[in-house]
Every structure is written in structure tokens, then in C-alpha cells.
1. At 1.4 Å probe size, what's the solvent-accessible area of Ile174? Round to the nearest 10 Å².
2. Once amide H atoms are built 1.01 Å from N in the peptide plane, which residues 5 or more positions from Arg292, or in another chain, come under 5 Å H to H?
3. Quote to one decimal, in nm, the extra length available between Leu287 and Gln39 on full extension: 0.36 nm per residue of separation minus the C-alpha distance between them.
4. Can you give me the long-range amide H partners of Ala210? Hydrogens built in the peptide plane at 1.01 Å from N, cutoff under 5 Å, separation of 5 or more residues or another chain.
5. Contour minus end-to-end for Arg54 and Ser183, with contour as 0.36 nm per residue of separation and end-to-end as the Cα-Cα distance?
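The values are calculated or read from the model by the stated rules, or taken from the named source; none is laboratory data. Here the structure is a predicted model, which is why all the values come from computation and not from measurement. Surface areas here come from the heavy atoms of the whole protein model, side chains and all, with no ligands, DNA or RNA. Shrake-Rupley method; radii C 1.70, N 1.55, O 1.52, S 1.80 Å.
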Amino acid sequence: MASDEREVVRPSWTGPRLTAGAVARRLGVAVTTLRTWDQRYGLGPSEHEAGRHRRYSTEDVRRLEMMRRLTFQGVSPADAARTALAANPGELSEPAPRATARPAGRRVMPVGLAQSAARGLARAAGSMDGDAIAEEIRSCLRTYGTVLTWTEVLVPVLNALGQRWQAGHSVVEIEHLLSWHISTELRMIVPGPSGPRRARAADEPVPALAPPRTLLASVEEEQHTLPLEALAAALREARRGTRILGARVPTDAMVEAVRRTGPAVVVLWSQIPDRADPTVFTKLMALGRPVRLIAAGPGWLGPARRRLPAGVALPTSLVEAVECVLAALGGPVSSRDAGHRASR
């Protein structure tokens with residue numbers, strides 16, 4: 001009888017038990033993210049042997065993969081965790097349909113609507129109609145917030161322009177105009193009085209935010225800043241202030257900025273692998289300050305990834321970057337705070 005009882009609670013999938021580090025590498029997330037998911041949502045190792053570290057079963061990993069996939073699609077971490085925990089083992093082997101991941105009553109951006117919004121924005125950009133570009137972006141941000149708008153509308157359009165440029169089309173002027181309007185609208189985003197995000201009128205005072213404890217910058221010679229501006233907007237939705245140093249920040253200047261401002265979190269963006277130099281993190285660690293260091297952007301996923309110092313987080317999406325920053329700053333990371341849920 002005792003043997004039968006033990007069999008009931010044993011994970012239904014066999015396979016090797018993995019350490020947190022191995023699972024983090026497999027999912028492309030930080031170990032601290034796994035710990036956060038375990039502590040806040042109960043999505044952690046299902047077995048523990050006395051005297052040994054907890055290890056993840058195959059089923060545990062599949063639930064985490066579902067959690068990771070759903071949050072990347074814009075589902076709030078709490079809702080994604082509930083879906084992953086409630087899933088039967090057979091449902092974990094294949095990606096769950098998008099519609100099943102959205103609890104009733106939540107407004108999210110359906111695939112068709114996202115594609116329609118992206119097409120509308122692309123048409124406005126192709127016509128170089130600044131007013132139409134601004135209105136398309138503003139409408140999406142007001143309704144769906146920064147995370148969904150960035151992930152499902154803005155990035156696809158920017159990627160499409162990049163592909164056209166690589167194919168030899170003249171789109172640089174379009175990309176510059178679109179980027180300027182994206183930057184402008186992202187900087188106008190603030191949380192509304194009761195929480196939902198919205199675009200701020202030009203003459204409207206900015207609601208009070210928590211003191212800026214997060215420092216955002218692009219690494220030396222890196223000119224891309226839009227992803228950092230999207231992260232800053234998502235954090236403003238969560239009432240967290242930031243400081244942005246912008247593009248091409250020299251390593252010595254970055255070290256001095258951390259000395260002068262004493263941030264709790266530092267996010268360094270790299271778009272191009274050739275510009276991702278982990279030396280900057282080594283120098284920041286040498287300061288001996290309790291700073292959460294985050295390497296953001298595809299540049300860090302190249303050869304530089306193997307040279308990143310231990311403890312540097314490596315988020316692979318805006319959703320994950322927001323989660324990582326909020327976890328480091330402390331306090332609850334709700335779907336509203338993280339900017340994952342759509343407004344009314």
C-alpha cells in the first residue's frame with residue numbers, strides 16, 4: 001500500500017533529473033527567474049531527496065517550457081503558471097493553442113488583430129504618413145500596452161523593413177520615420193489613475209513614479225535603443241522609474257554612471273554580436289555593489305554568451321526582461337505591474 005501511494009505522487013514522465021542551471025540553459029532564462037517562478041507560482045521541481053538539491057523532472061521542464069512560451073506570447077506570468085500547472089501531461093508535449101492560454105475576461109491581442117494592426121502600421125509607414133503612423137501606434141499602446149504592442153505589432157513591422165533592406169529595397173527613410181514615432185509614443189506611455197496603461201496627452205502631468213533604480217544603456221558602439229525604450233515604457237506602466245543613457249555608452253562611462261547613481265538594476269543592450277563585450281559586466285562587478293546585471297538583446301546570444309560572468313541574467317524577450325527587473329526591484333510582480341495584461 002505504501003508503495004502504491006508513493007507511485008501516485010511520482011512524476012508521470014521518466015527521464016533524467018536536471019539541475020536548475022541545466023534547466024535555465026535549456027529555456028534560455030536566468031536561474032533566478034526559475035526561483036521566482038517556483039516561489040511565486042509553485043512552478044518548480046516536484047521531487048526532493050533529503051540531503052540533495054531539488055532537481056527538475058521531464059514533466060517539470062515541460063511545464064516550464066509552457067510557462068515560457070505563454071509569457072512570450074503576452075500572457076501574464078500568473079495566468080501562464082496556472083495554465084501550465086493545470087495542464088495534463090499529454091498536453092505538455094505540444095505547444096498549446098493560443099486561445100486556450102487566455103482566461104475568460106482577459107483582453108489580449110488575438111493573432112488576427114495583431115496582424116491587422118501590423119499591416120495598418122506597415123501601410124502608414126510605407127506612405128510615410130507620420131500622423132497615421134502615430135495614431136496606429138498610439139491606438140495599440142492605449143488598448144494593449146507596451147509588451148503586446150512591441151512584441152506582436154512593432155517588432156514584426158521593423159523586421160519586415162529589415163528584410164526588405166536586405167533584399168535591396170530603399171527603406172532606410174521609412175525605418176527612420178517609423179522609429180522616431182515609435183520612440184515618441186513609447187515615451188508618452190504612463191499608467192492611468194487606476195492602473196491600466198494609456199498614452200499621455202502632451203500637456204498632462206506625469207504621475208508619480210518610484211525613484212529610478214534601473215539604469216538602461218546600449219553597450220559601446222551599439223546604436224540601437226528602441227528595445228530599451230520599450231522596456232522603460234513597460235516599467236513606467238508598473239510605476240517604476242528608469243534612467244536611460246541611450247546609445248553607444250563607453251564602458252568607463254557606464255562604470256562611472258553606476259558609481260554616481262547607485263542603481264539596483266543595470267540593463268545593457270546589444271543588438272550586434274560583434275559589439276557585445278562582457279568586459280563591461282566584469283568591471284561593474286568589480287565595484288562591489290549589490291547590482292542586478294542584465295544582458296539584453298540578441299548580441300549577447302552569440303559567442304559573448306559563453307564569456308558572461310556568472311550571475312548576469314540573460315532574458316530573451318521583453319516579457320522576461322520586465323519580469324527580471326521587477327523581481328530584482330522587489331515587491332509583487334502582478335500581471336498589471338508587469339504590463340502584460342491589456343487595459344479596459
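1. 20 Å²
2. Val265, Val266
3. This chain segment gains 86.3 nm when fully extended.
4. Amide H neighbours of Ala210: Arg240, Gly241.
5. Computed gain between Arg54 and Ser183 is 42.0 nm.
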